[in-house]
2 protein chains.
Amino acid sequence: VSGLGGTNPQTDRPLSGTALFDAPRIALEAVTPSVDNGRFPARGLVGHDIEIGVDIICDGHDVLAGVVLWRTAASTEWTETRLALQGNDRWTAYIPITQMGLHYFTVEAWLDVYASICLQMTKKHAAGQSVALELQEATDLVREASERSGALALHELLVRLSHADEAEQRDLLTDDGTARLMQQYDPRAFRVRHTPELVIDAERQAASFASWYEIFPRSQSPDGDRHGTFTDVIARLPAVRDMGFDVLYLPPIHPIGRTNRKGRNNTLVAGPDDPGSPYAIGGAEGGHDAVHPELGTLEEFRALCAAALEHGLEIALDFAIQCSPDHPWLREHPEWFNWRPDGSIQYAENPPKRYEDIVNVAFYAKGAVPSLWIALRDVVQFWVTQGVRIFRVDNPHTKPLPFWEWMIADIRSRDPGVIFLSEAFTRPKMMYRLAKIGFTQSYTYFTWRNTAREMREYMVELTTQPPKDFFRPNFFVNTPDINPIFLHDSGRPGFLLRAALAATLSGLWGVYNGFEVCDSKALHGREEYLDSEKYQLRKWDLAQPGNIVDEITKLNRIRRENPALQSHLGIRFVETDNPHVLCYVKTSPDQSNAVLVAVSFDPHGVQDCTIDIWPALFGLPEGTQMVMQDLMLDQTTIFELGLNRLSLDPNFMPFAIWRARRSESP
Amino acid sequence: VSGLGGTNPQTDRPLSGTALFDAPRIALEAVTPSVDNGRFPARGLVGHDIEIGVDIICDGHDVLAGVVLWRTAASTEWTETRLALQGNDRWTAYIPITQMGLHYFTVEAWLDVYASICLQMTKKHAAGQSVALELQEATDLVREASERSGALALHELLVRLSHADEAEQRDLLTDDGTARLMQQYDPRAFRVRHTPELVIDAERQAASFASWYEIFPRSQSPDGDRHGTFTDVIARLPAVRDMGFDVLYLPPIHPIGRTNRKGRNNTLVAGPDDPGSPYAIGGAEGGHDAVHPELGTLEEFRALCAAALEHGLEIALDFAIQCSPDHPWLREHPEWFNWRPDGSIQYAENPPKRYEDIVNVAFYAKGAVPSLWIALRDVVQFWVTQGVRIFRVDNPHTKPLPFWEWMIADIRSRDPGVIFLSEAFTRPKMMYRLAKIGFTQSYTYFTWRNTAREMREYMVELTTQPPKDFFRPNFFVNTPDINPIFLHDSGRPGFLLRAALAATLSGLWGVYNGFEVCDSKALHGREEYLDSEKYQLRKWDLAQPGNIVDEITKLNRIRRENPALQSHLGIRFVETDNPHVLCYVKTSPDQSNAVLVAVSFDPHGVQDCTIDIWPALFGLPEGTQMVMQDLMLDQTTIFELGLNRLSLDPNFMPFAIWRARRSESP
């Protein structure tokens, strides 16, 4: 046909006529969850259904229909789940996640010709118009379906129709059973399927809900005078578990280098008894797959892992790739490092700073690809074999992205339950990219969000913008590297309010020991702790007066009992009239659990505010009588609907947590 | 190598080890503009540079570099434009658009090894550290580049370096000229290029900036007693142009059917002299490529198009696909229509309503693909050949999306200056989809956004969310189908404020005649005009007292003189303390023109408000002394920086428009 498209002179994309005439009539848009158009998986969790959404757009007013098609990676068979129209061209369905690993899904839509005719018939009948033609058209479709499928039920329907009068025919053709039957044999006119298939990576619960506690094993001897051991850590497990923590995280446990070893408080020269930084990994005793002899043996470490499991705890290990100059790899694999023109090794440096106690491996040095990458993967696999399934990864943003993507997928191909926490304190896009390529969870900017407004903005970013599909924040209230400035002069109330924020805003929160005794002694007023355990042994008295062990214990118990607090998602902020108070409702995915939290950001003075309470905040119908149970004080309050006045006294409790229920259900 | 990836048992995506070791080190994300990941073009405009943006993400702290690669569809050669880092991993560059049609672009990034060494050298030197090794490494790179390229300038640089002392070497290696030279011969380590290539579709100015005026030619006879003609329309051109309009839009000009013709005010039975609805297209005199004989001949229509151009106006025609039962196609091509089981034709109906004066073609009927599609394309091409380059398309959302995508691309492959306005008053996602597949501009929800808050939310959606890249709103203040309820009792002030909103919020606005004399007489209080021209001839006295011709004329002049008002983009809302006043600043893309607008949404009472004026609102540096010129009153005001009090009196002028300038530049 002349003029039937051909090649558009304005473009090198051929506008092939016939191909375009065959182009899908129905458009599918905004399929969710989708991370970078399927390049990366969205995150899922075993036991939690995932909502799939799609915009289905078609000309005219015909009835549309659609399904989600989904399968696990191990299966080649699709399962279909029917989509439901939510309005404004948006359709959704839930698919179940019952096992770890990758799941694939896509969506399919079509025009439901039979339903379209029935709808027309019903409308015209209601308007008193004749539907004789619609009856005939609908019956013709039943006949076609019967002939195509040979289905007995359709044959029986045709027989009944042939004996029915017009009113009976109308009832028969438009009843729900017939609708379902015709759906089953629907030839799916104008069927279209979304490409590409999208991916969900499902993990175990600890990926998303866990309370972390961090200690340096070497500080765990009972009297603090000798070097602590794995066996000392075992003795500490009951206390850690009693506080309600799930994960016990240990900084590197490997031999520590001697060359250029750092002294106390990060001084450049170590004394003869200084233990050095455990991040200067490797010495004569071995490298990343060895255990620092003063901590014990590999066998004792395995015993620690087993004992932790018996206490309901998991051990998380540090994976820090840098090497001390004494690491065996420098001798055995000089091709894995960068060397200067004078034959010296390239130390880590960020002028004017030099870090001469460590050297970085060179991932792209000649001779390092792939042998270095494989060796590093083997290090992780070695510790997995010893019983470790959670890794906190040191500074992943200074190592190549393809390394992480390959390594994490490789490890998880054997055990999809292995979890990686990214310690990337860097710009946001790198943090998010690391989450996309496989890190289960990430440290965050939490410790630097110190006003209610900043915290709210950060939570809105994490829970309503693209990161919601792939980034899981782990809110550490402090770390050995971060002694938050906010806590330097906040006193005990500051520790309480920061604990409450972390424990209620995110499913993942973490505490580095010392926080529970409100330690904030700083080196030179900076974010660094004085006498940091990174460079020396410390003795901790965690039962000293003023500790907040009871409050932390209670927070962890409340988290365990309230699914609404087991994720950062499902949050809704409640307006208050006081900028120093942050108030929010969290609800569980199934809406069965709802919690209201109010936190004052002021550790020094009483803060009052008014909040407006109405049932819809908690997913409850208008007019529901509600009971609010104060979970910290274990007392029940009848909140009036409407405006309520709160007062948060830092010297009593700078926050409050209520569980909202219908008053009739105790 | 054992364990080197292989196939992941959890997935059917092979984690081929070596492929992943070769995966790009540098990640490119969020390349903009991008519509559905390159499936559709973003919109461009001849004469307007387009900003390209990308997130470039890489491990470590090395210096990165990148370019935009772009070309027109006619060219196979890429042009490179260097990207500049804006902060937070975001890089941008502008590319020029000098011709209509498709443009392709992508981005490329790499690690600038030479710049990284120079940066390290500069920092270490500043810190008083030795840079001997860095000098040697940088010189080695110059030598490599020289050997690789044979470039004379590099050879000369090496000679100069060999005679220089250390300080001179440092200066030579780090100066700007050397940086540029080394950039030119940069081997682009870890080079990565974004896929897919993305697309921009560039149009002429009228696609984005034009003032539309709509008339029914049949009502244009001077005395109103006889049927108007194309020649009568020619006589009206000076008046339309004097009001400052650019496009004169005519409803369908084709023969009108007689079967089931509609009477006055949409009655079901037409009187013998009733002219019928011009949307019931086709009769004995011809179909979509014929002219209604009472309007004149095809030759006279061509004369109108030519006369319009001479007056600086363009004629826009309606493209309405439905047919009257008398359309020749029903006889000639019964295969293009739907027929019922009783042999009758399927009329348009939306129960309980029936539209028996029109039948719709059936795009997917057997025998309609592709012959019907081609026939419709030929209709549009016919009118292009007669001199029409702008089409207003009636109800495109009830015709298949692939038809539009093919047809518009086909027409624009011969003349990329042809413009299509979508009249899709439907759900938002369909409106946006039509824009994506090729419609240049679209009618909008403007007429139903009657509070300052609603209007602001709508503008935020159009200018900051994905539609900003592909959807151009045409703000009609009224149409023959929409007699806005808001105007029924607003009086003249309502017409003024709605005109001001449309003319200043969007680059495209439209007026259907009668608006300028504040006509709002409605049929039964509905949105329908009383005695609508759709069904009868009307006589208009557009100079009657109370008309707003002067104000419309002034608005169009202000639009022409202020590039800031020539697009809906570039808007920033200014907070006020009065919810009835909408206040906004618009700036031109190059920031050289800035306009402040305040509009009261209350046509009945005086509204006062306070607005906060500061130079950054207008893209000016802090502390700039500013002059505000009132463009409606032609008077200059010195605004105080800070809070200013405004009063908008509907009986004087319910809006104000100021141009902001530095006070020193008159």
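Before moving on, here are some points about what is shown:
- Contact order for region B:213-273, expressed relative to its length and based on alpha carbon pairs under 8 Å spaced 6+ residues apart, stands at 29 percent.
- Computed extension gain for residue B:99 through residue B:356, at 0.36 nm per residue and net of the alpha carbon distance, reaches 87.9 nm.
- Relative to the longest principal axis of the Cα atoms of chain A, the long axis of helix A:401-414 lies at roughly 80 degrees.
- The calculated FRET efficiency for residue B:523 paired with residue B:239, based on their beta-carbon distance and R0 = 30 Å, is about 0.65.
- Whole-Hz ³J(HN,Hα) from phi, Karplus 6.51 cos²θ - 1.76 cosθ + 1.60, for region A:308-319, glycine and proline x: 4, 4, 4, 8, x, 10, 10, 8, 10, 9, 8, 10
- When each of A:262/A:399; A:123/B:429; B:399/B:586; B:468/B:539 is checked by Cα-Cα distance, pairs over 30 Å: B:399/B:586; B:468/B:539
- The shape of region A:107-150 comes out oblate: with a ≥ b ≥ c from the C-alpha gyration tensor, a/c is at least 1.5 while a/b does not beat b/c.
- Once the convex hull of all Cα atoms in region A:214-365 is built, its volume per residue stands at 138 Å³.
- Using θ = phi - 60° in the Karplus curve 6.51 cos²θ - 1.76 cosθ + 1.60, the 3J(HN,Hα) couplings for region B:516-531 round to 6, 10, 6, 6, 9, 5, 10, 8, 6, x, 8, 6, 8, 6, 6, 6 Hz; x is entered for Gly and Pro.
- Reference-scaled alpha-carbon Rg (2.2 N^0.38 Å with N residues) for region A:357-456: 1.20
- Length, then width, then depth: along the principal axes, the Cα atoms of region B:468-510 run 37, 22, 13 Å.
- Inter-copy label distances at residue A:190, using a point 7 Å along Cα-to-Cβ, come to 4.9 nm with the shortest given first.
- Helix A:230-242 axis, angle to chain A major axis (alpha carbon atoms, nearest 10°): 50 degrees
- Mean sequence separation of contacting Cα pairs (under 8 Å, at least six apart), scaled by the length of region A:16-133, corresponds to a relative contact order of 27 percent.
- Computed over the Cα atoms of the protein assembly as shown, pair by distinct pair, the Kirkwood hydrodynamic radius stands at 36.1 angstrom.
- Computed over region A:185-273, Cα set: Rg, Dmax in Å: 25.1, 82
- Rg(Cα) / (2.2 N^0.38 Å) computed for region A:275-327, rounded to two decimals: 1.27
- Principal axis dimensions, region B:528-666 - Cα atoms, whole angstrom, descending: 60, 32, 26
- Computed 3J(HN,Hα) for region B:483-494, one whole-Hz value per residue from the Karplus formula 6.51 cos²θ - 1.76 cosθ + 1.60 where θ = phi - 60°, is 9, x, 3, 3, 8, 4, 10, 7, x, 3, x, x, glycine and proline marked x.
- Debye intensity ratio I(q)/I(0), log10, region B:447-560, q values 0.09, 0.10, 0.17, 0.19 Å⁻¹ (C-alpha model): -0.26, -0.32, -0.88, -1.06
- Built amide H within the under 5 Å cut-off of residue B:419, gap 5+: B:390, B:391
- Only alpha carbons enter this Debye calculation for region B:77-182, each as an equal point scatterer, and the log10 of I(q)/I(0) it gives at q = 0.10, 0.15, 0.17, 0.22 Å⁻¹ is -0.41, -0.77, -0.89, -1.18.
- Nearest 10 degrees, 0 to 90: helix A:452-464 Cα axis against chain A principal axis: 50 degrees
- Inter-label distance, nm, simple model (7 Å from Cα along the C-beta direction), residue B:641/residue A:640: 4.8 nm
- Placing a label point 7 Å from the Cα of residue B:259 along the Cα-to-Cβ line, the residues of region B:333-354 whose backbone N sits under 16 Å from it are B:333-349.
- Amide H within-cut-off set for residue B:189, under 5 Å, with H built and near neighbours excluded: B:111, B:113
- Peptide A:127-134 shows a mean partner chain C-beta count of 3 within 10 Å per residue C-beta.
- Based on the convex hull around the alpha carbon atoms, region B:237-323 presents an average projected area of 6.4 nm².
- Using the Cβ-Cβ distance between residue A:122 and residue A:85 with R0 set to 22 Å, the FRET efficiency from 1/(1 + (r/R0)^6) comes to roughly 0.80.
- Each principal axis of the Cα cloud of chain A was evaluated for its coordinate range; sorted largest first, these ranges are 102, 67, 50 Å.
- Nearest-10 value in Å² for the accessible area of residue B:521, using the 1.4 Å probe: 130 Å²
- Across chain A, C-alpha contacts under 8 Å between residues 6 or more apart give a mean separation that, scaled by the residue count, equals a relative contact order of 10 percent.
- Per residue of peptide A:374-387, the mean number of Cβ atoms on other chains within 10 Å of the residue Cβ is 1.
- Only the Cβ atoms of Lys and Arg (+1) and of Asp and Glu (-1) were treated as charged; on that basis the dipole of region A:261-357 about its Cα centre amounts to roughly 440 debye.
- Distance distribution note for region B:341-385: the fraction of Cα pairs above 16 angstrom is 56%.
- The C-alpha radius of gyration of region B:109-250, expressed as a fraction of 2.2 N^0.38 Å, stands at 2.30.
- Site pair residue A:32 and residue A:300 shows an inter-label distance of 5.2 nm when each label is modelled 7 Å from Cα along Cα→Cβ.
- Across the identical copies, how the residue B:635 labels are spaced - nm, sorted shortest first, 7 Å along Cα→Cβ: 6.6
- Inter-probe distance in nm under a simple model that places probes 7 Å from Cα toward Cβ, at residue A:153 and residue B:166: 8.9 nm
- Inter-part distance where region B:354-399 and region A:106-130 are each reduced to a Cα centre, Å: 25 Å
- Proximity of backbone amide H atoms, modeled 1.01 Å from N, is registered between residue A:314 and A:247, A:248 at under 5 Å, excluding neighbours fewer than 5 places apart on the same chain.
The values are calculated or read from the model by the stated rules, or taken from the named source; none is laboratory data. None of these values were measured; they are calculated from a predicted model. Cβ: placed from backbone, ideal geometry, glycine included. Neighbour counts: every protein chain shown. These area figures cover heavy atoms from the full protein model, side chains too; ligands, DNA and RNA do not enter into them. Shrake-Rupley method; radii C 1.70, N 1.55, O 1.52, S 1.80 Å.
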